[in-house]
Structure formats: structure tokens, C-alpha cells
Amino acid sequence: MKKMKLHSIKLKITCWYTFVLTLVFVFVLGGIFMSSEIYSEEMIREELLDEVKDLEEEMMRYPEHFPRQDYVSYYDDGVLLSIYDENFQYINGVIPDNFSLDTPFLDNEIQTARKRNDTWFVCDNRITLPDGSDLWIRGIHSLSAIVLMIQRLKVLTGFAVPLLILFTAFMGYRIIMRALHPVTVITDTVNKITDSSDLSLRLPAAAGKNEFSSLSETFNKMLDHLEQQFLREQEFSSDAAHELRTPVSVILSHTEYALAELSLSPEARQEFACIQEKALQMSHLVSLLLNIARAESSGFHPSFEEVDLQIVAEAAADELLEKAEKKQIRVDVQNFMLPPVMQGNTELLSRLFINLIDNGIQYGHTGGYVRVSLEQRGTNVRICVEDNGIGIPEDKLDKIWNRFYRAEASRSVSPGFGLGLFIVKYIVKCHGGSISVESRVGQGTSFQILLPLSQSSASA
Ligand code: ADP
């Protein structure tokens with residue numbers, strides 16, 4: 001999704017500048033074609049007038065040469081010249097093949113003559129020779145060649161320009177991709193940090209000094225700050241757990257002694273039992289916090305061995321049998337894997353099953369079920385733990401993994417610390433796997449876990 005967005009920015013920029021480029025091409029080329037049409041027509045008119053004038057001057061100067069073809073040039077610079085008597089009868093000269101001969105003679109004017117696909121500019125000039133005879137000089141210049149040339153140019157640019165625009169758009173897209181590459185790197189690294197919750201990761205330093213390098217530096221500074229905060233928080237909960245361990249065990253041993261050895265009134269016994277129950281809860285929390293602190297310490301690397309998941313899951317279900325029976329909840333382990341074996345840490349995987357089954361029972365309806373299934377999916381094992389209990393509201397689904405988080409509905413259902421799923425997620429991470437949850441309020445919850453069968457497939 002995030003990738004898509006980045007993609008669309010690249011596409012958006014490419015589309016915008018391609019659009020602007022197309023507009024520029026259309027206006028510039030349109031302008032060039034229009035002005036070249038006007039300019040070339042203007043040139044032809046001038047050429048025509050010049051040639052007619054030249055012939056007139058020549059005839060006036062050397063009337064004896066007229067109308068001999070070897071003295072008089074009737075074709076010059078694309079202009080065809082011809083001579084007519086005062087009654088418009090042809091005397092000599094050159095006329096284009098298809099030219100319509102009934103084109104009227106207009107003195108000193110340029111007119112346009114057309115016949116089928118041909119177009120000409122025609123310039124007529126009436127002159128009086130020194131001997132007093134009146135003549136007409138007619139100059140004709142074809143427009144077809146120039147029109148054809150401009151048409152061909154239009155067709156050529158019609159093909160070339162879209163290709164040029166496509167090429168520029170493609171090259172532009174590649175340049176934008178290169179320019180935005182640091183953003184992709186930043187996004188990937190931030191995603192990696194989010195997915196792995198590994199605050200020790202840092203963004204690679206961007207080459208040169210630019211907006212992206214300062215963005216990376218700012219991100220890295222923020223990560224330094226977050227990591228320090230996080231480490232301080234870790235240190236605090238670990239210290240607090242250590243400090244609490246001794247007083248809690250003292251309270252527990254004293255209440256145990258009081259309940260076992262002292263002769264107490266029923267009220268006092270009830271008070272001591274209550275203290276004992278709360279102290280047990282505290283001791284459980286303290287040992288959870290100590291376990292988390294140990295797991296989060298950088299030197300902790302769980303050892304991996306061959307684990308029979310069916311045995312571990314069934315042992316976890318047995319451990320919680322009494323609790324399940326109290327709520328008449330059936331716990332089933334279904335194995336579809338042969339053999340149900342993977343490389344992992346038995347202790348951690350056992351904790352994973354206990355936490356998930358425990359939640360299924362805790363947040364299950366009386367008479368409901370918790371179903372654990374094991375399945376092989378390629379090089380992974382898929383563990384599914386589902387129940388038909390109270391479910392989790394959709395807007396809380398991404399929060400349940402946070403430490404100490406408890407959805408409101410569950411607080412009234414049972415006591416708890418909100419650490420179970422945090423630990424489960426941590427165990428999944430230790431095994432290089434992934435976990436997801438689907439839930440519907442009032443219908444149930446299903447946790448799906450994918451773990452690599454062996455550590456070689458995890459790193460592959
Ligand atoms: P705890 O169970 O101690 O509250 P967890 O970390 O195990 O802590 O669970 C966090 C929260 O997620 C629980 O408080 C509960 O709101 C919700 N939750 C977890 N599992 C289930 C489940 N199977 N059904 C309904 N809600 C659940």
C-alpha cells in the first residue's frame with residue numbers, strides 16, 4: 001500500500017510534466033507550422049511580383065528580343081511566365097499543365113487559382129511596349145509543392161512528436177525513480193524497523209548533501225532518541241521487577257506461614273487469603289517482567305532444538321485443563337502435519353501455546369471451544385489458535401500486541417497484565433515467523449502464526 005502511494009507520486013509527476021510537454025509541443029509546433037505557412041506564401045508573392053517586374057523591364061529594354069524563347073527567360077525561381085496580347089491571346093511563355101486557362105486577367109493583382117488538387121498564385125501585369133502595343137505578362141507560381149512539403153512535415157511530426165513525448169516520459173520516469181530512490185530506502189528501513197521493532201537499525205547515509213541526506217539524519221537522530229528512551233524504559237521495568245522480587249516473596253512466605261501455622265479467626269484467614277492471592281499475582285507479573293527483561297537483553301539468544309509441536313501444544317492444553325473445565329470449554333489440538341516437528345525453543349513455544357490457549361479460555365464463553373491446529377505450508381508451519389469467545393473490537397486489533405494493553409471488555413472478564421500477546425509476538429519474532437489475528441466481536445478470535453520449519457528456511 002505504502003509502495004503504491006510512492007509509485008503514484010512518481011506517476012503523477014511523470015503525467016504532469018508529460019502533459020505540460022505535450023502542450024508546449026502542440027503550441028510551439030502549431031505556431032511554427034502556421035507562421036511557416038504564412039511566411040512561405042508571403043515569399044511566393046514577393047517572388048512572383050519580382051519575376052513579373054523583371055520580365056517587364058527586360059521587354060521594355062530589349063523589345064527586339066521578345067518573344068523569342070532563346071532571349072527571354074520564361075521560367076525563373078519556380079515562377080512560370082507567359083505573354084498574351086491585349087485580347088488575352090497566348091503569344092509565348094510557359095503555363096503549368098493543369099492550369100485553368102479561363103483564369104481572368106487582373107492588372108497588378110495577385111489572385112489564387114485552383115484546379116482539382118492544384119493551387120497557384122497568379123500575378124498579371126498589363127504593359128505598353130515602346131511601339132505602342134499593349135501586352136499582358138502573367139506569372140504563375142504553384143503552391144502545391146510548398147503545401148505538400150508542409151503536409152509531409154506535419155505527418156512526420158505527427159509520428160515523431162508522440163514518440164518523442166513517450167521517450168521523454170519514460171526517461172523522466174526513470175530519472176524521477178532514481179531521484180526518489182532515497183525515499184524508497186527510507187520507507188523500506190522504517191518499515192523494517194516497524195516490523196521487527198528493532199530500534200537499533202539506522203537509515204543508510206544518503207550520498208551527498210541534499211534534502212534526503214538531511215531527512216535521513218533527522219530520522220536517525222529521532223531513532224537514537226527513541227532507542228535511548230526505550231532502553232531507559234526497559235532498564236526501569238527490569239530494575240523495578242528485580243526490586244519487587246524480594247518483598248513479594250517475603251509477603252508470600254509470611255502469608256503462607258500465617259495461613260498454615262497461626263490460629264486465625266475466619267475473618268483474618270479471609271484477609272490473609274486475599275493478600276496471598278494478590279501477592280501471587282504480583283509474583284507472576286514480576287516473573288513475567290523479568291523474563292521479558294532477560295529476553296530483551298542483547299545477550300539473549302534462545303537455543304534451538306527439534307520440537308514436536310503436537311506434544312508441546314497438548315502439554316499446554318493439559319496444563320490449562322482445570323481452568324478450561326471450570327468454564328466447560330473444550331480444548332482440541334488437531335495435527336495435520338507429518339511429522340509435526342520444527343526447529344525451535346521448546347520452552348518458548350510451550351509459553352506461546354499456553355498464552356494463546358489461556359486467552360482463548362479466559363475470553364471464551366462457557367461451553368465454548370478453543371481449537372489449536374498445526375499444518376505444514378511449504379517450508380513453514382502454520383499454527384492456528386481459534387475460539388468462539390467474546391472477540392476483539394476491530395479498532396483494538398493492532399493494540400493488543402502492546403505491553404500492558406487490555407481491551408476494555410476483557411478487564412471486566414478477568415484479571416490480567418496485558419503481557420501475554422506481547423510475549424507471544426516476541427516468541428514468534430525469535431523464531432523468524434509472523435503472527436496475525438482475525439476477530440469478530442461476539443463470535444470469536446483466530447490467531448494465525450507462520451514459523452519456519454528450520455532456521456535455514458528462515459534466513460533464506
Ligand atoms: P491479558 O490477557 O493479560 O489481558 P494479553 O496480552 O494476553 O493480556 O491480551 C491483550 C488483550 O487482547 C486482552 O486484554 C484482550 O482484550 C485481548 N485478547 C487477547 N486474546 C483474546 C481472545 N482470544 N479473545 C478476546 N480477546 C483477546
message: From the list Gly442, Gly433, exactly one residue is of a type in the set (Gly, Ala, Ser) and within 13 Å of the ligand (Cβ to nearest atom). Which is it?
response: Gly442
task: Considering each residue of segment 427-445, count those that are small (Gly, Ala, Ser), buried (at least 18 other Cβ atoms within 10 Å of the Cβ) and in a strand (DSSP E or B), and give that number.
output: 2
task: Kindly check whether there is at least one residue in segment 264-283 that is part of a loop (DSSP other than H, G, I, E, B) and within 30 Å of Gln362 (Cβ to Cβ).
output: no
- request: Mind listing whichever residues of segment 369-398 are within 17 Å of Glu438 (Cβ to Cβ), more than 8 Å from the ligand (Cβ to nearest atom) and in a loop (DSSP other than H, G, I, E, B)?
  value: Asn388, Pro393, Leu397, Asp398
task: Kindly establish whether His301 is open to solvent by 80 Å² or more (accessible area, probe 1.4 Å) and part of a loop (DSSP other than H, G, I, E, B).
output: yes
task: Could you tell me whether any residue of segment 93-113 is under 19 Å from Leu143 (Cα atoms), touching a residue at least 40 places away in the same chain (Cβ under 8 Å) and part of a strand (DSSP E or B)?
output: yes
message: Looking only at segment 321-367, how many residues end up being touching an Asp or Glu at 6+ places or on another chain (Cβ under 8 Å), open to solvent by 20 Å² or more (accessible area, probe 1.4 Å) and either farther than 27 Å from Leu285 by Cβ or free of Cβ contacts under 8 Å to residues at least 60 places away in the same chain (or both)?
response: 7
task: Determine whether segment 58-66 contains at least one residue that is open to solvent by less than 40 Å² (accessible area, probe 1.4 Å) and part of a helix (DSSP H, G or I).
output: yes
field: Boolean, Leu148 is within 23 Å of Asp85 (Cβ to Cβ) and either of a type in the set (Phe, Trp, Tyr) or not in a strand (DSSP E or B) (or both)
entry: no
- line: Within segment 382-406, the residues that are surrounded by 17 or more Cβ atoms within 10 Å (Cβ to Cβ), among the charged types (D, E, K, R) and either at positive phi or touching a residue at least 24 places away in the same chain (Cβ under 8 Å) (or both) are Arg382, Glu386, Asp387, Arg403
query: When you look at Ser36, is it under 60 Å from the mean Cα position of the chain (by Cα) and touching a residue at least 60 places away in the same chain (Cβ under 8 Å), yes or no?
result: yes
- request: From the list Phe447, Phe417, pick out the single residue that is near the ligand (Cβ under 9 Å from one of its atoms) and out of contact with any Phe, Trp or Tyr (no Cβ under 7 Å at 6 or more places or on another chain).
  value: Phe447
- line: Matching residues in segment 338-368 (within 12 Å of the ligand (Cβ to nearest atom) and farther than 11 Å from Val312 by Cα) number 12
task: Could you identify the single residue in Leu244, Leu223, Leu199 that is surrounded by 14 or more Cβ atoms within 10 Å (Cβ to Cβ), in contact with a Lys or Arg (Cβ under 7 Å, 6 or more places away or on another chain) and either among the hydrophobic types (A, V, I, L, M, F, W, C) or free of Cβ contacts under 8 Å to residues at least 60 places away in the same chain (or both)?
output: Leu223
query: Just to be sure, is Ala295 outside the structural domain of Ile361 (by TED's automatic domain parsing) and in a helix (DSSP H, G or I)?
result: yes
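The values are calculated or read from the model by the stated rules, or taken from the named source; none is laboratory data. All values derive from a computational prediction rather than experimental measurement. Virtual Cβ from ideal backbone geometry, glycine too; neighbours counted across all protein chains shown. Areas reflect the complete protein model, heavy atoms only, side chains present, ligands, DNA and RNA absent. Shrake-Rupley method; radii C 1.70, N 1.55, O 1.52, S 1.80 Å.
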